[in-house]
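The structure appears right after this line, and notes come after that.
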Amino acid sequence: MAARMSVEQPLWSALTAYRVLTMGYALALYAVAYDEYAHPLGAGSYLAVLALWTLATVRRVSSAERCTLPFLAVDLSVAVTGILITPLVDTQARIAAGGPTLPTIWTAGAVLGFAIKKGWRWAAGASTLVGVANVIEVGGLERDSLHDVLLVCIASIAIGYVVEVARASERTLARALRIEAATRERERLARDIHDSVLQVLAMVQRRGAAIGGEAAELGRMAGEQEAALRTLVSSGVVPEADGPRAPATAVPAAAVPTGPPPGTDRSGDGSAGRGSAAAEACDVRALLSAYSGPRVSFAEPGAPVTLPAPAARELAAAVGAALDNARRHARGPGGEEAQVWVLLEDEPDAVVVTVRDDGPGIPPGRLEAAEAEGRMGVALSIRGRLRDLGGSAELLSVPGQGTEVEMRVPKDDR
């Protein structure tokens, strides 16, 4: 409804103002030509009804919900009645000379109401009724009356067509926004799954294959489930059909991991990071310090580096994903884990975290291949998180010289 109101509401407001202004115009014409009417009191009686109707229905015309089809039918009847009784209260000389009808251009407002409410087809029908009434009023097809009828008809049909196009564009935009929201939610869930379930399944597969026996069968099943789950979380979003939809199931807050991913090397219990993450402003140093360990060196500024708690948690999770990738993939010549350095920087407009390892680097095309296989560690757990925060993640890897990931979160985008 909000999208529809953004386009239609100005039209209804303009129609309301048009009706009031044209009512005043009709009354002004009557006052100027009072002595020229054959029955001025009869004309004044109709115009009094027209003025009362216009003022009493201001709120009805101000929105699509209140401006119903029965109301528009009555409104059009008031206009057509005014046209048809004009010969009864005015002189034939004034009518033959092209004098205005009693409602004058107020009639167009009744036709435009149909155009805005139901589109150009209803507008064409309403303008046809007005045209027939004008032909009856002048007693035939006159040039001036035909000109006025065609003007009202073309204007109302054009406005009705524009309204229909605008509504179709709104539906397309609303559908695109729903798909984008569903895609972002899928990516968020995929990141959480990658940080927890997929890693556990991969570990079970490797350990089962190493142990052998019944554990090997368990590892094989875990591998199959990992592949199926990767396919699920990396598949495209199916567009929603228009119409009523069932409410989405909310993910409990407790189910969303906020700490480092499983298996990340760290020391300490991380209580300081979790405690500060609950506050409105969170010190990123406290969250990232939980990652430091024998193979992870953490360098931080001497002053607090603060971000809103949700942004700080997402940044810490992205750093954890980068560390986990280094732990699993970056190996030295002897097979040992690579050394990793984490650098936290507090810039004037952004918080920057750089994760660098001394491993063998990433071969060209490996990231694209991994993403095609459903391995979304970099695409979702790192870049996806930073993109949702309005930031960015840049990855630089030179074969034989290690990998560096620079993550940037803007401060003024929260």
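The residues of the range 25-114 expose on average 45 square angstrom of accessible surface per residue, using a 1.4 Å probe on protein heavy atoms.
Ordered from largest to smallest accessible area (heavy atoms of protein chains, 1.4 Å probe), the residues 105, 116 come out as 105, 116.
Ordered from largest to smallest accessible area (heavy atoms of protein chains, 1.4 Å probe), the residues 343, 41 come out as 41, 343.
Could you order peptides 131-139, 381-389 by the average number of other Cβ atoms within 10 Å of their residues, highest first? Please report the intermediate quantities before stating the final value.
Values: 131-139: 17.7, 381-389: 21.6.
Per-residue mean Cβ counts within 10 Å order the peptides as 381-389, 131-139.
Put simply, when 124-130, 25-31 are sorted by average Cβ atoms within 10 angstrom per residue, most first, you get 124-130, 25-31. Taken one residue at a time, the phi angles of the range 16-30 give Karplus couplings (6.51, -1.76, 1.60, θ = phi - 60°) of 4, 5, 4, 4, 5, 5, 6, 4, x, 5, 5, 5, 5, 4, 5 Hz. Gly and Pro are set to x.
Which three numbers, in whole Å and largest first, are the semi-axes of the equivalent ellipsoid of the range 85-134 derived from its Cα gyration tensor as √(5λ)? It would help to have the intermediate numbers written out before the result.
Values: eigenvalues 138, 19, 11 Å².
Taking √(5λ) for each Cα gyration eigenvalue gives 26, 10, 8 Å.
Could you check how much of the accessible area of the range 21-77 is carbon and sulfur, as a whole percent, using a 1.4 Å probe? Working shown, then result.
On the way: 2160 of 3010 Å².
Here it works out to 72 percent.
Ordered from largest to smallest accessible area (heavy atoms of protein chains, 1.4 Å probe), the residues 117, 411 come out as 411, 117.
For the peptides 173-181, 316-324, residues were scored by their other Cβ atoms within 10 Å and the scores averaged per peptide; the highest-first order is 316-324, 173-181.
The values are calculated or read from the model by the stated rules, or taken from the named source; none is laboratory data. Since the structure is predicted, the reported quantities are computational estimates derived from the model, not experimental observations. Positions of Cβ are generated from backbone atoms using ideal geometry, with glycine treated the same way; all protein chains shown enter the neighbour counts. These accessible areas exclude ligands, DNA and RNA; they are computed on the full protein's heavy atoms, side chains included. Shrake-Rupley method; radii C 1.70, N 1.55, O 1.52, S 1.80 Å.
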